[in-house]
Amino acid sequence: MAMPVPENVFSEELPDREGASVQETFELFSAMAPKGWRVELIEGEICVVPPANGEHGEIVSELNGQVRDHDKGVGRYTGIGLSLPGATDTVRVIPDLVIAPKGSFDDQQEWHAPDPVLLVAEVTSSSTASRDRVQKIRAYARAGIPLYLLIDREADEAVVCSDPSGDDYAHKSVHKLGKLVPLPAPLGFTLDTAAF
């Protein structure tokens, strides 16, 4: 379910766009979103996501640091927009963390192809949890992203999805937060979720 957009979220009047396509409306919302807010387009639904809370940020920071400690040759990106193939339309997402070879996004583009991505990670929030668990699994698998790591704060679990196949991942392993979580290739190291 998309989060409702508060009436005062945009500082300017929205122009009259009656009859605008979903893509046009998405681009308008993206252009007018306040700093720190994310606007995503998933399965034809525009999702406006407020800035994350501190706990969410700490988990993303810890993930980032553990990946850096394991392999300094990969880039760790927050705020990178990915353009993914959808069932009918293009999907536009901004994952909490994207792992790819350094230099993969060294351009001026706002939206990037998922080809170099090794792993995407999402940390659930109350406004994003259902999309992170369902629609984003489909989108990331469809794009062929090798690993999807879901840190599900509400379920107190880390879910590692690997081997994308069609609209899903062939392998999913579920681990209680606070435990060691093996990440398969292409990363191939053990994530310590004790700090989560």
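The values are calculated or read from the model by the stated rules, or taken from the named source; none is laboratory data. Everything numeric in this text was worked out from a predicted model, so none of it was measured. With ideal geometry, Cβ positions are generated from the backbone for all residues, glycine too; neighbour counts draw on all protein chains shown. The accessibility values were calculated without ligands, DNA or RNA, using every heavy atom of the protein model including side chains. Shrake-Rupley method; radii C 1.70, N 1.55, O 1.52, S 1.80 Å.
A few comments on the model shown:
- Descending Cα extents along the principal axes, segment 34-98, whole Å: 39, 26, 16
- The charge dipole of segment 39-130, taken about the Cα centre with unit charges on the Cβ atoms of Lys, Arg (+1) and Asp, Glu (-1), comes to about 240 debye, rounded to the nearest 20.
- Unit charges on C-beta of K, R, D, E only; dipole of the chain, Debye: 660
- For the chain, built as a Gaussian network whose Cα springs stay under 10 Å, the top-fluctuating residue of E45, E110, E122: E110
- Using the Cβ of P184 as centre and a radius below 12 Å, the other residues enclosed give a net charge of 0, where K and R count +1 and D and E count -1.
- Environment charge of I99, counting only residues whose C-beta is closer than 15 Å and scoring Lys/Arg +1, Asp/Glu -1: -2
- Between 0 and 90°, nearest 10: helix 54-70 axis offset from the chain longest Cα axis: 50
- The percentage of C-alpha pairs in segment 126-196 whose separation is greater than 15 Å is 52%.
- Accessible surface for the chain, divided over its residues, is 50 Å² per residue with a 1.4 Å probe.
- With R₀ set to 22 Å, the beta-carbon distance separating D156 from N53 gives a calculated FRET efficiency near 0.85.
- Using the Cβ-Cβ distance between E24 and S130 with R0 set to 22 Å, the FRET efficiency from 1/(1 + (r/R0)^6) comes to roughly 0.30.
- Label-point separation in nm, V174 to E45, each point 7 Å along Cα→Cβ: 2.1
- Percent carbon-and-sulfur accessible area, the chain, ignoring ligands, DNA and RNA, probe 1.4 Å: 48
- With the highest mean first, a sort of the peptides 30-40, 137-147 on other beta-carbon atoms found within 10 angstrom per residue produces 137-147, 30-40.
- Farthest positive-ward along the chain dipole, Cα basis, beta-carbon charges - from A195, F26, G57: A195
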